[in-house]
Every structure is written in structure tokens, then in C-alpha cells.
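Single-structure report; data block below.
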Amino acid sequence: MFSFSKRVRLAFFSTVLFGIITHMFAMVNECPHADVFSAYFGYGAGYTSGRWGLAFLGDLVNKWFGNYPIPWLNGMLSILFLAVSSVYIIESFDISTEQNCILICMFVVACPSVFSAFAYIFTTPYYCFSIMLTCCGIYFIKKKRNGWILGTLLFTGSLGIYQAYLGLAASIFILFLILDCLDEDVNVASVLIKAWQYFGILCISILLYLGITKVSLKLAGGGVADQL
């Protein structure tokens, strides 16, 4: 039987609570705009925008369940993905104090990029799933031996859903390096080595993403394949 620590439970349920409070309006109302009308029963641009992961997941969901514009359902799924993301962030940084756990959870659900994503509620779950993949990759890279392999694959998958969240991974890597610099027992050489390792992981993820994008565009018959 699985057992979760107090901070994991606190992070998960705090994110769910603050997520519902923050995004309640988007979950109980329709916010129509051009993108909503153009992809009302879909997920938005896929292969032709380099989002082969989004297209794969969207088509899979459409086949099994259908892409129905149900704001409260999409909103709750998104919040659950963000809750798991919060857990991975807190575990990666070894956050121990309850106050800091709660503050991080509040930021995860209310930061501007996440808040604005809920205006596109028809595709928000996919974007939040992309955030979760990024945070999961961060956790494996930081905490697991040879975790960079799985972390790189997770970053690649996240890029395939929405390319913007590579910046999230890079930002967290920088925070790791800053914390290492504050540790008196860590020397400069080890920090530089880690920095290059993190940079290498990001570069490999981008190269894998571009390779899969090239292949997916050709397989999907995308007209912009030759432009990459």
C-alpha cells in the first residue's frame, strides 16, 4: 500500500484547493474567443505547429472519449495535473516547511502563464499535462541515478505538447545552481559541471524534439516539413 509523506499530501491538496479558487470562473463559464470557436470540439493546432505530442494525445482522447468542451471537467483535470507538478517541485527542492509548500502551490496554479492558459479551457488539460511532464523530468534528473535519461525523454514529450515549458525546466535548473552556490560545501568546479550537464540535457531534448517533429510532419503530410 502506498504511503505519502505529509508534505506530499499538503502540496497536492493545497494545489487542488487554490486551483479551484483561482480558476473557478473559467470552470463554470464559457469564455468565447476565436481559438475557442475554431477548435471547439478539438485541441488546437497540432502537427503543423510542431505539437505532435498534443496531436497524439488529442486524437487518442477523441477516439476513446471525445474532445468535448466541458469547462469544469477540463479545469479539474488541469488542476490535478498541476497538483502532481507541485509535488514533484517540492520533492525536487526538498521543501520541508508547510508555509513554503503552500506558497509554492499557490504560485503554481496562479502564475500568469497558467492563469492565462485557462482562457483556452478546451486545451488546458494538455498544457498542464505538459507542465507535469516537465516537473516529473526535473525530479528524476535531480533525485534518481541516471535519471537524466528519463528526464530528457519527458522534456521531449513536454516540448511535443507545448514548446514554451522548456523555459520552466531551464528556470528550475538555474534555481538548483543558485542553491548549490549558497552551499559552502560545494565548490565552483562542481557547479560548473552541473551547469553544463543541465545545458546538455536541454539541448538533447530540443534535438530529439526537432527530429520527431520532422518525422511527424512528413508522416502527417504537413506542408511545412521542408521548412524545418
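The values are calculated or read from the model by the stated rules, or taken from the named source; none is laboratory data. For clarity, every value in this text was computed on a predicted model and none was experimentally measured. As a convention, Cβ positions derive from the backbone with ideal geometry for all residues, glycine included, and neighbour counts pool all protein chains shown. Surface areas here come from the heavy atoms of the whole protein model, side chains and all, with no ligands, DNA or RNA. Shrake-Rupley method; radii C 1.70, N 1.55, O 1.52, S 1.80 Å.
Worth a mention:
- Within segment 143-172, being of a type in the set (S, T, N, Q) and open to solvent by 10 Å² or more (accessible area, probe 1.4 Å) holds for Asn146, Gln163, Ser171.
- Subset of segment 173-185 that is of a type in the set (A, V, I, L, M, F, W, C) and open to solvent by 50 Å² or more (accessible area, probe 1.4 Å) - its residue that is modelled with the lowest pLDDT: Leu182
- Residue in segment 94-106 that is small (Gly, Ala, Ser) and not in a helix (DSSP H, G or I) present: yes
- All positions within segment 104-142 that are open to solvent by less than 30 Å² (accessible area, probe 1.4 Å) and of a type in the set (Gly, Ala, Ser): Ala117, Ser130, Gly137
- Near pairs, Cβ below 8 angstrom, 6+ apart or cross-chain, from segment 174-203 (closer than 19 Å to Asn146 by Cα) to any residue that is open to solvent by 100 Å² or more (accessible area, probe 1.4 Å): Gln197/Trp148; Ile201/Trp148
- Residue in segment 51-63 that is out of contact with any Phe, Trp or Tyr (no Cβ under 7 Å at 6 or more places or on another chain), open to solvent by 30 Å² or more (accessible area, probe 1.4 Å) and either at pLDDT 95 or above or assigned to a loop (DSSP other than H, G, I, E, B) (or both) present: no
- In segment 197-225, the residues that are within 16 Å of Lys142 (Cβ to Cβ) and either aromatic (Phe, Trp, Tyr) or open to solvent by 70 Å² or more (accessible area, probe 1.4 Å) (or both): Gln197, Tyr198, Phe199
- Ile149 vs. criteria farther than 16 Å from Val16 by Cβ, free of Cβ contacts under 8 Å to residues at least 24 places away in the same chain, touching a helix residue (DSSP H, G or I) at 6+ places or on another chain (Cβ under 9 Å) and assigned to a helix (DSSP H, G or I): yes
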